[in-house]
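Readers should treat all values here as calculations from the given coordinates under stated rules, not as data from a laboratory. Being a predicted model, the structure only gives us computed values, none of them experimental. Don't worry about glycine lacking a Cβ; one is built from the backbone with ideal geometry, like all the others, and counts go over all protein chains shown.
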Protein chains: 2
Amino acid sequence: MVSKNQLKLIKSLHQKKYRNLHGLFFVEGIKTVNELLNSSFKPHLILATALERNRLEYDDVLEVTEPDLKNISALHTPSGVLGVFEIPRQAETDFKGWVLALDSVQDPGNLGTIIRLCDWFGIPQLICSKGTVDCYNPKVLQATMGSITRVIIHYTDLQTVIETATLPVCGAFMDGEDMHHMDLPQEGILVMGNEANGISGTIEKLVSQKVGIPQFGEGHTESLNVATATAILLSEIRRPK
Amino acid sequence: MVSKNQLKLIKSLHQKKYRNLHGLFFVEGIKTVNELLNSSFKPHLILATALERNRLEYDDVLEVTEPDLKNISALHTPSGVLGVFEIPRQAETDFKGWVLALDSVQDPGNLGTIIRLCDWFGIPQLICSKGTVDCYNPKVLQATMGSITRVIIHYTDLQTVIETATLPVCGAFMDGEDMHHMDLPQEGILVMGNEANGISGTIEKLVSQKVGIPQFGEGHTESLNVATATAILLSEIRRPK
């Protein structure tokens with residue numbers, strides 16, 4: 001049975017400062033927990049209700065009551081399974097091929113969707129500026145659908161990374177050149193900006209190609225959501241020449 | 001000043017059955033309300049707090065207190081402006097060019113994002129199966145960012161529409177043909193399916209071309225989110241040949 005202190009620990013992991021203090025995060029749902037158990041992530045505590053525990057591919061499961069689970073869960077309707085895992089040590093950056101970089105993306109759902117897109121489009125590394133929402137935020141993890149196990153995420157000073165990188169740097173801009181009429185490089189760093197303000201001025205100066213997604217309506221829409229814009233640009237990058 | 005009965009009416013509009021009963025829906029935020037006021041939508045009640053009312057491009061504004069607004073709002077942090085509008089009469093379907101059709105899309109955020117994508121990509125008509133989430137749901141409207149004024153939305157029996165349409169019918173499938181290697185028609189109906197189950201069996205039989213988005217990772221991701229998949233396919237459809 002899970003202890004009160006363990007429940008208190010898990011509840012604290014809703015907040016970034018406690019995730020960083022303990023070096024732990026949690027995910028929910030049988031599918032995602034099993035996916036993390038079968039990856040390089042190290043489990044710290046695995047909890048399940050009596051009904052669900054047999055569905056877990058793990059021996060050392062702590063039983064939790066439904067009311068206790070509801071109290072610590074990030075979901076309206078908890079799924080019966082919750083896993084606490086260690087935050088992995090930041091990997092060395094080793095850039096080749098295409099790399100995606102985010103400049104202060106704020107919305108957890110957008111980051112989660114973008115991680116899932118990296119997985120789909122075979123982008124193994126994602127660089128996040130320090131102002132980007134934490135990828136171990138429960139809402140981000142809910143939106144990644146397990147893709148977090150297959151994409152390496154770096155939180156770092158974006159300016160330094162771009163300044164020292166040898167890859168060409170493309171950035172998404174509302175007034176960028178029509179992506180259909182430009183020669184995108186074979187590899188590079190693709191930078192996507194903040195939901196409201198786009199790419200910051202500092203990073204804009206380091207961008208070698210400004211890419212735009214052409215609009216086909218009457219031009220009233222102000223912008224695309226950053227996750228849908230990322231989807232379109234990654235699809236274009238992966239398009240056979 | 002807004003009356004108690006008016007507040008009660010607005011609160012009821014959170015629910016689809018009352019939206020249909022009264023033929024009304026509401027949106028929030030100065031930008032969206034102004035956008036609807038400058039469109040063909042007919043205003044029924046326009047509310048604002050004392051602080052915000054001068055920002056509205058409308059004369060007949062009812063003042064509302066912040067606590068009253070918080071009580072009727074669909075937002076955690078109400079924006080100070082709320083507009084109730086009439087649900088327009090269903091337009092006649094008149095299909096030419098590309099039309100998007102949704103087969104039981106359930107998530108309000110996905111539908112809102114898809115409406116915004118139709119606006120961006122110049123798809124003037126969206127057909128929703130009767131099982132698709134209501135486009136006047138406050139969460140859908142929040143995600144459309146005003147695009148609802150520029151996209152005509154039909155709720156109808158999808159099977160009948162497709163059976164009687166003369167346009168070619170393309171559908172998005174996980175095992176569809178790689179979109180990069182097929183000749184997409186110049187016009188047609190593009191069908192997107194439900195988040196969990198994809199396109200239903202009945203509709204699948206009516207699809208003439210099954211389109212797939214190629215995956216570039218190691219093939220572990222189960223699927224793309226329906227809104228990001230729609231973004232990628234609409235971008236491909238609009239790509240100059």
Checklist outcome for this item: Amide H neighbours of A:Val169 at under 5 Å, excluding residues fewer than 5 places away on the same chain, with H built from the backbone geometry, are A:Ile189, A:Ser208, A:Gln209
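What size of dipole, in debye to the nearest 20, comes out for region A:1-118 about its Cα centre when the only charges are +1 on Lys and Arg C-beta atoms and -1 on Asp and Glu C-beta atoms? It would help to have the intermediate numbers written out before the result.
Numbers: 14 positive and 14 negative charges, 66 e Å.
Here region A:1-118 has a charge dipole of around 320 debye.
Under the rule of -39500 (n - 2.57) per DSSP H run of 4 or more residues, summed and divided by the residues of the protein assembly as shown, what mean residue ellipticity at 222 nm is obtained, to the nearest 500 deg cm²/dmol?
Numbers: 18 runs with 148 residues, N = 482.
Taken over the protein assembly as shown, the calculation gives -8500 deg cm²/dmol.
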Item to check | At 7 Å out from Cα toward Cβ: B:Lys31 inter-copy label distances (nm, ascending) | outcome: 3.3
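Expressed in whole Å with the largest first, what are the equivalent ellipsoid semi-axes of chain B derived from the C-alpha gyration tensor as the square root of 5 times each eigenvalue?
Semi-axes (√(5λ), whole Å): 37, 17, 16.
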Item to check | Antiparallel %, DSSP beta bridges [both residues in the protein assembly as shown], to 5 | outcome: 30
Checklist outcome for this item: Within chain B, the percent of DSSP beta bridges that are antiparallel, given to the nearest 5, stands at 30
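What is the antiparallel percent of DSSP beta bridges lying wholly in region A:4-86, to the nearest 5? Before the final figure, lay out the partial values.
On the way: 10 of 13 bridges.
Bridges in region A:4-86 that DSSP calls antiparallel: roughly 75 percent.
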Item to check | Between helix B:226-237 and chain B: long-axis angle, C-alpha atoms, 0 to 90°, nearest 10 | outcome: 60
Checklist entry - Label point 7 Å out from A:Thr93 along Cα-to-Cβ: which residues of region A:169-209 have amide N under 14 Å? => result A:169-170, A:188-192, A:203, A:206-207
Checklist entry - Considering only Cα-Cα distances, which of the following residue pairs are longer than 32 Å: B:Lys42/B:Lys205; B:Lys8/B:Lys31; B:Lys4/B:Lys31? => result B:Lys42/B:Lys205
Checklist entry - Looking at region B:113-179, which trypsin sites (Lys or Arg not before Pro) are in a loop (DSSP not H, G, I, E or B) and have at most 11 other Cβ atoms within 10 Å? => result B:Lys130
Item to check | Residue among B:Glu35, B:Glu195, B:Glu218 with the largest mean-square fluctuation in a Gaussian network model of chain B, springs linking Cα atoms under 10 Å | outcome: B:Glu218
Checklist entry - In region A:11-106, which trypsin sites (Lys or Arg not before Pro) are in a loop and have at most 16 other Cβ atoms within 10 Å, using DSSP for the loop call? => result A:Arg89, A:Lys96
Item to check | Gap separating the Cα centres of region B:84-152 and region A:1-50, nearest whole Å | outcome: 39
Checklist entry - Can you give the angle from 0 to 90° between the axis of helix B:108-120 and the longest principal axis of chain B, with both taken from C-alpha atoms, to the nearest 10? => result 80
Checklist outcome for this item: Expressed as a whole-number percentage, the relative contact order of region B:4-86 with C-alpha contacts under 8 angstrom and at least six residues apart is 42
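Determine the relative contact order of region B:98-237: mean sequence separation of Cα pairs under 8 Å and six or more apart, normalised by residue count, in whole percent.
Details: 253 pairs, mean separation 40.9, N = 140.
Once divided by the residue count of region B:98-237, the mean separation gives 29 percent.
Summing +1 for each Lys or Arg and -1 for each Asp or Glu, what net charge is found among the other residues whose Cβ lies under 12 Å from the Cβ of B:Glu52? Show your work: numbers first, answer last.
Values: positive: B:Lys31, B:Arg53, B:Arg55; negative: B:Glu28, B:Glu63, B:Glu66.
Spelling it out: positives minus negatives among the neighbours equals 0.
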Item to check | Positive-end residue of A:Thr93, A:Leu82, A:His181, charge dipole of region A:48-207 with Cβ unit charges | outcome: A:Leu82
Checklist entry - How many nanometers, to one decimal and shortest first, lie between the label point of A:Glu57 and those of its other copies, if labels sit 7 Å from Cα toward Cβ? => result 5.7
Item to check | Closest Cβ on chain A to the rotation axis that carries it onto B (distance rounded to whole Å) | outcome: A:Ala231, 2
Item to check | chain B: most fluctuating residue of B:Asp68, B:Asp107, B:Asp59 per GNM, C-alpha cutoff 10 Å | outcome: B:Asp59
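Within the set of other residues whose C-beta is less than 9 Å from the C-beta of B:Leu158, count the net charge using Lys and Arg as +1 and Asp and Glu as -1.
Details: positive: B:Lys130; negative: B:Asp103, B:Asp157.
The answer is -1.
Given contacts defined as C-alpha pairs under 8 Å and at least six residues apart, what's the relative contact order of chain B, whole-number percent? List each step's numbers first, then the result.
Numbers: 424 pairs, mean separation 45.2, N = 241.
Taking the mean separation of contacting Cα pairs over the length of chain B, I get 19 percent.
When the Kirkwood hydrodynamic radius is evaluated over all pairs of different C-alpha atoms of region A:126-241, what value in angstrom, to one decimal, is obtained? Before the final figure, lay out each step's value.
Values: mean 1/r = 0.0647 Å⁻¹.
Value: 15.4 Å, from the Cα pair sum.
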Item to check | Of every Cα-Cα pair in region B:19-151, the percent that sits beyond 26 Å | outcome: 23
Checklist entry - So what's the projected area for region A:4-86, the Cα convex hull averaged over all directions, in nm²? => result 5.0
Item to check | Cα-only Debye scattering, the protein assembly as shown: base-10 log of I(q)/I(0) at q = 0.06, 0.10, 0.11 Å⁻¹ | outcome: -0.30, -0.86, -1.04
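Report, as an integer, the average count of C-beta atoms from other chains found within 10 Å of each Cβ along B:210-217.
Shielding by partners across B:210-217 averages 5.
Provide the gained length on full extension for the span A:Gln15 to A:Met174, in nm with one decimal, where the gain is 0.36 nm per separating residue minus the Cα-Cα distance. Write down the numbers at each step before the final one.
On the way: separation 159, 0.36 × 159 = 57.24 nm, distance 3.38 nm.
Result for the pair: 53.9 nm of gain on full extension.
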Checklist outcome for this item: Ranked by GNM mean-square fluctuation in chain A (Cα springs under 10 Å), the top entry among A:Val226, A:Val133, A:Val64 is A:Val64
